[in-house]
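Notes follow once the structure below has been shown.
A short reminder: the numbers here are calculations on the coordinates, not readings from a lab. If you're wondering where the values come from, they're calculated on a predicted model, not measured in any experiment. Quick reminder, even Gly has a Cβ in these numbers, built from the backbone with ideal geometry, and neighbours come from all protein chains shown.
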Amino acid sequence: MREEKQLRISHVGLRGVVGAGMTAAHVLDFASAFGTFLGSGPVVVARDPRASGRMILEGVLAGLAACGHDVVSLGIVSTPVLQHAIRRLDAAGGISIGASHNRAEWNALKFFGPRGVYLSTAEAGELLDVYHLRKFDFVEWSRLGTVREETGAIDPYLDELAGAFDLKALRRFKVVVDCCNGTSSLILRRLNERFGWNILLINERIEGVEFAHEPATNARTVSLQLAPLIRPLGADAGFLFDVDSDRVAIATDEGRALSEEMVLPMLADYLLPHGPGKLVITNLSTTALVDEVAEKNRGRVIRVPVGRQAAMDALQSYRPEQIAIAGEGSGAVMMPQFRFVYDGIASMLAILSMMLERGRKLSEIVAAYPAYSILKAELPLAAQRIPELMASLAERNASGRVNLLDGVRVDYPGKWFHVRVSQTEPIVRVIAEQRGEPPQDLFDGVMEHVRSYL
Amino acid sequence: MAREHLLKIGVSGIRGVVGGFLTPQLACAFAQAFGTYVRGGRVVVGRDTRSSGPMLQHAVTCGLLAAGCEVVDVGVLPTPTIQIFVNSTRARGGIALTASHNPPEYNALKLFNDRGLFFNHYERNELLDLYHESEFTEATNDEIRRVLSEYETPPRLHFERVLKHVDVEAIRRKRIRVGLDGVNGGGSVMSVRFLSEVLGCELHAISVDPTKPFPRVAEPRPDTLGELAALVARQGCAIGFGQDPDGDRLAVADETGRVLDNDDVLALVVDAALERVPGDVVVNLTTSSVIDDVAAKHGRRVYRTPVGEANVVETMQAVHAAIGGEGSNGGIIFPAVHLCRDSYTGMAFLLDRMAQTGLTVSQLAAGLPRYYRKLGKVAFEHGRLGIMMQALEDSFPDAPRDRSDGLKIHLPEGWIHVRASNTEPILRLAAEAKTESALEGLYGQVSSLLER
């Protein structure tokens, strides 16, 4: 059993197990650093339902107010709703408190700049410098920021979605959703109320301590409770969201749990013909099906290192209209019409729109794609042996197309593998994929080589 | 040049100028130390109306939750109301965010135990050690508890306790015309309710908007209550009350608009209390001898303590006193309500006295023995304090003295008390005598000795 790291402070923000790693002191310092780093102007704050979120929220409010920022506190809402509110309120930035797909004992701070975009790597580096210096721009007593609570942030967000999707036409579908006790429940309840939808919600109770199951978006979690419900209920589709609703996983009308890798290729296939964007931005570990789909639609795939930060930096290298879609194999997908925000709810609406437009069942749409088989594993490895491992892997696979942007990725005809180091845990991730049957020989060979460095 | 104490972390808690000194980090860490010290459980948090209050309350709430405490937010309230609420609920402690009578740029954390009392000397030292050790309880997600709000109950509980000790109907029948200066403080809303609705007074109030800044020097003294005096005179009020921002201190104006000496206010309240409750009296060393005369009239004893509410309260507990307080700063402590300074007890007792006797405030004050008092201060350089105090001791070789807090020297014509301030490098002088000329002689002798 490997020991998980309990605190991680990086360009992605602050993340840890509350109490064991992440403390009130970290929160105060990070919020004060962000308040110092940001220019003047209001800051929007939201949290997911974790019990520790209330403690963290109080620290965030204190740090921001001490730096003279007025704060709009949205309460418990999803990260995409927060990002929408930052833009709507023309705020200087925002902080999302929540650990997304991690277990309940984790929590994290994520930072957004104006218009709700994640900080670039350069900005995040500056924030980290302020945090480490601990020289904060506290204002004098008469200029402290004030906190205003705003409870209705979901409605304007839904209004924007209503402008992009035909919510009236889409409500014909019978949909079941596993909310993982998270924020999607609040949004979808409101969608039902305001737009006459009839989505059936499970695990819809907002829960701070114990989620019904691990809130990760993948085929395994979908098959726990959601997939078995689909056929008995005669539903057209099932969706599962992580706690902060930025990721989605899917069950078909036949009750089959789809691989999380399928969300991006399906949405690329739907959005590329709508144009004008022709670029699909994804990471080196995402399925090759996305290349096949892009080729069919005359699009181009840009592969970047794994992690949100690399994707954000890549997005800034292109004009928005050049991009069709960006995302990863985890079910996190962003579309240009939604401010380039990872948004699980918008992804769900796009999948339903695809079903409507094609007049096909979800299982029929899925069946039209060639099968890809993916094998994944993770191994603990001493940090000092990693460069040696990577160099030897690249050398042994010189006959393939070698990419060293993020660990080692090697492409062979019809199959590929990727070995990289996790950004959040002290492990090496191995992933191999092949069109058709599982790439067992390739995978075993790589695993054997990696193990020889343990 | 005397160093200003912009931040003080000590046995009485943490106090400082908000901005670069009293930071949210410090407030959060101190609250987490407090939460660790009281071992989780329910902690009540309230504040006065300073602009830094909400920011610091977020920081304190963060620290308490991180220590595994359940937080009860009582919002803006007077400090005594918060203490009484802590005492009447099953809370493990309380924190009031208030710098009491200090200027608006200051704030502080006042800490209370499970009985709603200031921590005693030993508890304060333990907490301070814990803070410095920084080994706090760090609650995990399943140990982090809720934040509850309770805005209605605390004032009601406070009123109930006070009203048990006065004849409410008699006061209401008189429909006394009362002036109030609430300094836009934590008692603003509550005092209006107390005086006009509960006690049926005809109220003329100024500075009772808790959203506005303090309109005057926050400490209620004769020289800071000019507006109250004018209000009382203009409206023909029978009495005027001046509060501090956290509603623990009280100053009083008579029907002519003259603001009474705070020692006389205490004396009137002690007199009223001893009429109703038997017991001894505890005051600090600087409080006027008028208290001794009043206590003697009732056949009661007066105990003297070092300056500071906590010191007075500790002795009051030990001797089961009926009433106590600190004269010069307008603090009235009546344990039958609660062992804390409470302006509401003072207001109720004085109105009750007026209703019972039919006398005016100036007539009541005129009934007190007359003493002449003078307060002042002398700056000193670090390292010189011992020499100065020794010189003072040597110049009155045969007089009885009390060294429990600085030096108090008793002379046939009166007394002089000299003590170093806890917060600034100054000596505070207080002198009292039976005649004005004796006072001037005594004060002049001591101050010239110290300034030499």
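Shielding by partners for peptide A:47-56, expressed as the average number of C-beta atoms from other protein chains within 10 Å of each residue's C-beta, is 5. For the stretch A:353-367, backbone nitrogen atoms closer than 16 Å to the point 7 Å from residue A:169 Cα along Cα-to-C-beta are found at A:353-361. Taking the Cα centre of chain B as reference, the dipole from Cβ charges on Lys and Arg (+1) and Asp and Glu (-1) amounts to some 580 debye. Mean sequence separation of contacting Cα pairs (under 8 Å, at least six apart), scaled by the length of the stretch A:249-291, corresponds to a relative contact order of 32 percent.
For the stretch B:71-123, which trypsin sites (Lys or Arg not before Pro) are both in a DSSP coil and crowded by at most 10 other Cβ atoms within 10 Å? The qualifying sites are B:90. According to the Kirkwood expression over distinct Cα-Cα pairs, how big is the hydrodynamic radius of the protein assembly as shown, in Å? 31.4 Å is the Kirkwood radius here. At the listed q of 0.16 Å⁻¹, the Debye profile of the stretch B:1-143, built from one uniform point per Cα, gives log10 I(q)/I(0) equal to -0.75.
Legend: calculated FRET efficiency, residue B:153 to residue B:413, from the Cβ-Cβ distance at R0 = 45 Å, rounded to 0.05, equals 0.30.
Give the average, rounded to an integer, of partner chain Cβ atoms located within 10 angstrom of each Cβ in A:132-143. Mind dumping the intermediate values first?
Working: counts 0, 0, 1, 0, 4, 1, 9, 4, 7, 13, 7, 2.
Taking the mean over all residues of the peptide, I get 4.
For residue A:342, what is the net charge nearby, where nearby means another residue's Cβ is under 11 Å from its Cβ and Lys, Arg count +1, Asp, Glu -1?
Charge balance near residue A:342 sits at -1.
Across the stretch A:1-135, C-alpha contacts under 8 Å between residues 6 or more apart give a mean separation that, scaled by the residue count, equals a relative contact order of 30 percent.
How large is the convex hull of the C-alpha atoms of chain B per residue, in Å³?
About 138 Å³ per residue, rounded to a whole number.
Specify the inter-centroid distance of the stretch A:377-454 and the stretch B:371-397, based on alpha-carbon positions, in whole Å. When both Cα centres are located, 81 Å separates them. Give the residue from A:180, A:170, A:264 lying farthest towards the positive end of the charge dipole for the stretch A:155-299; charges sit on Cβ (+1 for Lys and Arg, -1 for Asp and Glu) and the dipole is referred to the Cα centre. Looking along the dipole axis, the top candidate is A:170. Selection among B:176, B:159, B:232 by position relative to the dipole of the stretch B:144-244 gives B:159 as farthest towards the positive end (Cβ unit charges, Cα centre). Placing +1 on the Cβ of every Lys and Arg and -1 on the Cβ of every Asp and Glu, with no other charges, gives chain A a dipole of roughly 440 debye about its Cα centre.
Cβ neighbours within 10 Å, averaged per peptide: list B:72-78, B:130-136, A:402-408 in order, most packed at the top.
Peptide ranking by packing, descending: B:72-78, A:402-408, B:130-136.
Each principal axis of the Cα cloud of the stretch B:311-452 was taken in turn, and the coordinate range along them, longest first, works out to 51, 34, 27 Å.
The distance separating the Cα centre of the stretch B:309-329 from that of the stretch B:154-195 comes to 23 Å. Could you tell me which of rounded, prolate or oblate describes the stretch B:160-210, using a ≥ b ≥ c as the square roots of the eigenvalues of the alpha-carbon gyration tensor, with rounded for a/c under 1.5 and, failing that, prolate when a/b is larger than b/c and oblate otherwise? Verdict is oblate for the stretch B:160-210.
Can you compute the equivalent ellipsoid semi-axes for the stretch A:130-254, i.e. the square root of 5 times each eigenvalue of the Cα gyration tensor, sorted largest first and rounded to whole Å? Output for the stretch A:130-254: semi-axes of 36, 20, 12 Å. Of the residues A:196, A:215, A:113, the one whose Cα sits farthest towards the positive end of the charge dipole of the stretch A:100-240 is A:196 (charges of +1 on Lys and Arg Cβ, -1 on Asp and Glu Cβ, taken about the Cα centre).
Convex hull volume of the Cα atoms of chain A, normalised per residue: 138 Å³.
Antiparallel versus total DSSP beta bridges in the protein assembly as shown: what percent is that, nearest 5? If you can, show how the numbers build up before the last one.
Working: 90 of 150 bridges.
Here the share of antiparallel DSSP bridges comes out near 60 percent.
Take every Cα pair under 8 Å whose residues are at least 6 apart in sequence, average their separation, divide by the length of chain A, and the relative contact order is 12 percent. Taking every DSSP beta bridge that has both ends in the stretch B:249-380, the antiparallel portion is near 45%.
When the dipole is taken about the Cα centre of the stretch A:244-358, and only Lys, Arg (+1) and Asp, Glu (-1) are charged at their Cβ, what size is it in debye, to the nearest 20? Mind dumping the intermediate values first?
Values: 11 positive and 15 negative charges, 78 e Å.
Here the stretch A:244-358 has a charge dipole of around 380 debye.
Here is how the number arises for chain B: DSSP H runs of 4 or more residues each give -39500 (n - 2.57), the sum is divided by the residue count, and the result at 222 nm is -11000 deg cm²/dmol. Seen from all directions on average, the stretch A:1-143 presents a Cα convex hull projection of 8.3 nm². Kindly give Rg over Rh for the stretch A:358-454, based on alpha-carbon atoms, with the Kirkwood expression for the hydrodynamic radius. Radius of gyration over Kirkwood radius for the stretch A:358-454 works out to 1.08.
Under 5 Å between amide hydrogens, built in the peptide plane, is the criterion, and for residue A:334 it picks out A:326, A:327 among residues at least 5 positions away or on other chains.
Remark: mean inter-chain Cβ contacts per residue of B:59-71 equal 6, using a 10 Å Cβ-Cβ cutoff to other protein chain atoms. Take each peptide in A:96-103, A:6-13, count the other Cβ atoms within 10 Å of every residue, and average; sorted highest first, the result is A:96-103, A:6-13. Among A:144-150, B:47-53, A:117-123, sorting by the average number of other beta carbon atoms lying within 10 angstrom of each residue, highest first, gives B:47-53, A:117-123, A:144-150. In chain B, the DSSP beta bridges split such that about 60 percent are antiparallel, to the nearest 5.
In this simple spin-label model, placing a label point 7 Å from the Cα along the Cα-to-Cβ direction at both residue A:195 and residue A:132 gives a separation of 4.5 nm.
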